[in-house]
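Here's the structure, in structure tokens; my notes come after.
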Amino acid sequence: MTLCAEKTVREYAVETPNAARVFEKLKIDYCCGGGRPLGEAARLAGVPLDEVERLLEQAGDASGEAPAGAPSGTLTELIDYILDKHHTFTRDEMERIDALAEKVASKHGGNHPELASVRSLFRRLCDDLRPHMLKEENILFPYVKQLEQAAADGRPRPRAPFGTVGNPVRMMMFEHDTAGDLLRELRAAAADYAAPADACVSYLTLYEALEGFEKDLHQHIHLENNVLFPRAIELEEGSRQ
């Protein structure tokens with residue numbers, strides 16, 4: 001594989017098997033920062049481009065799996081996948097991690113004052129994600145499903161109360177950027193989720209859970225920003241012709 005430094009991270013994440021996993025490992029932003037050229041993204045992550053190329057080749061040869069988190073098929077199937085896999089996981093983990101963060105901060109906060117910041121940042125993230133997911137579930141996603149069904153039936157596109165699907169998409173992407181910023185702040189506050197020597201089992205579990213939450217949210221945002229939203233906009237534009 002010969003990488004093109006000017007091709008975007010988004011394009012590689014969508015087109016190349018297991019690229020998202022490689023970018024996650026290298027801390028290359030493939031969700032909110034997916035519009036960056038790969039060369040620039042690798043430089044920002046401090047990774048040589050030839051190392052990215054080597055790992056992408058290895059990942060592509062390792063299995064015949066489809067790109068992580070990028071199911072093919074209809075937009076309705078993609079939306080249902082996002083809801084079942086990512087929205088459900090996010091809601092379950094927000095409740096579990098919040099309780100863990102409170103427990104660990106209460107027990108270890110005296111020796112590790114950064115835990116108060118970890119707890120606060122995670123709660124800010126949850127406060128943003130809850131209404132964000134509700135807007136997707138109750139407004140944007142139902143419209144995209146109706147749009148796709150109308151196209152399949154040869155009917156005019158449904159009336160959108162928000163004018164065009166691009167309007168809520170822009171808002172969702174802006175909110176994704178906010179979530180991405182909070183994830184970076186969380187990781188920095190938690191020292192890259194490296195637990196200290198005196199960490200108890202709950203402490204270790206908290207950092208493991210936070211890192212898993214971050215990884216899932218990256219994949220979640222990638223699916224929406226880089227796959228679902230562009231396809232929905234393209235479908236709506238096609239229905240006007």
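Values computed for the structure shown
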item: Most to least packed among 188-195, 220-227, 97-104, 150-157 [average Cβ atoms within 10 Å]; result: 220-227, 97-104, 188-195, 150-157
item: Within the accessible area of region 1-156 (1.4 Å probe), percent carbon and sulfur; result: 50 percent
item: Overall form of region 133-175 per C-alpha gyration tensor (a/c, 1.5; a/b vs b/c); result: prolate
item: Nearest-ten-degree value, helix 229-239 long axis tilted from longest Cα axis of the chain; result: 10 degrees
item: Karplus-derived HN-Hα couplings along region 27-42 (A = 6.51, B = -1.76, C = 1.60, θ = phi - 60°), whole Hz, x at Gly and Pro; result: 6, 8, 6, 10, 9, 5, x, x, x, 6, x, 4, x, 5, 5, 5
item: Label-point separation, residue 85 to residue 25 (7 Å along Cα→Cβ), nm; result: 1.9 nm
item: Computed [θ] at 222 nm, deg cm²/dmol, the chain (DSSP H ≥ 4; -39,500 (n - 2.57); rounded to nearest 500); result: -21000 deg cm²/dmol
item: Whole-Å semi-axes of the ellipsoid equivalent to region 51-188 (Cα gyration tensor, √5λ, descending); result: 35, 23, 14
item: Gyration tensor verdict on the chain (Cα atoms; rounded if a/c is under 1.5, prolate if a/b is larger than b/c, oblate otherwise); result: oblate
item: Positive-end extreme of charge dipole, the chain - chosen from 38, 99, 143 (charges on Cβ); result: 143
item: Normalised contact order of region 94-241, rounded percent, pairs of Cα under 8 Å and 6 or more residues apart; result: 32 percent
item: Region 3-46 shape via C-alpha gyration tensor axes, a/c threshold 1.5; result: rounded
item: Hz values of 3J(HN,Hα) by residue in region 177-186 - Karplus curve (6.51, -1.76, 1.60), Gly and Pro given as x; result: 4, 4, 4, x, 5, 5, 4, 5, 5, 4
item: Where the chain is the region considered: accessible area per residue in Å², 1.4 Å probe; result: 49 Å²
item: Other-chain or far-sequence residues with amide H under 5 Å of residue 8's (modelled H); result: 38
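The values are calculated or read from the model by the stated rules, or taken from the named source; none is laboratory data. Note that this is a predicted model, so its numbers are computed, not measured. Positions of Cβ are generated from backbone atoms using ideal geometry, with glycine treated the same way; all protein chains shown enter the neighbour counts. These area figures cover heavy atoms from the full protein model, side chains too; ligands, DNA and RNA do not enter into them. Shrake-Rupley method; radii C 1.70, N 1.55, O 1.52, S 1.80 Å.
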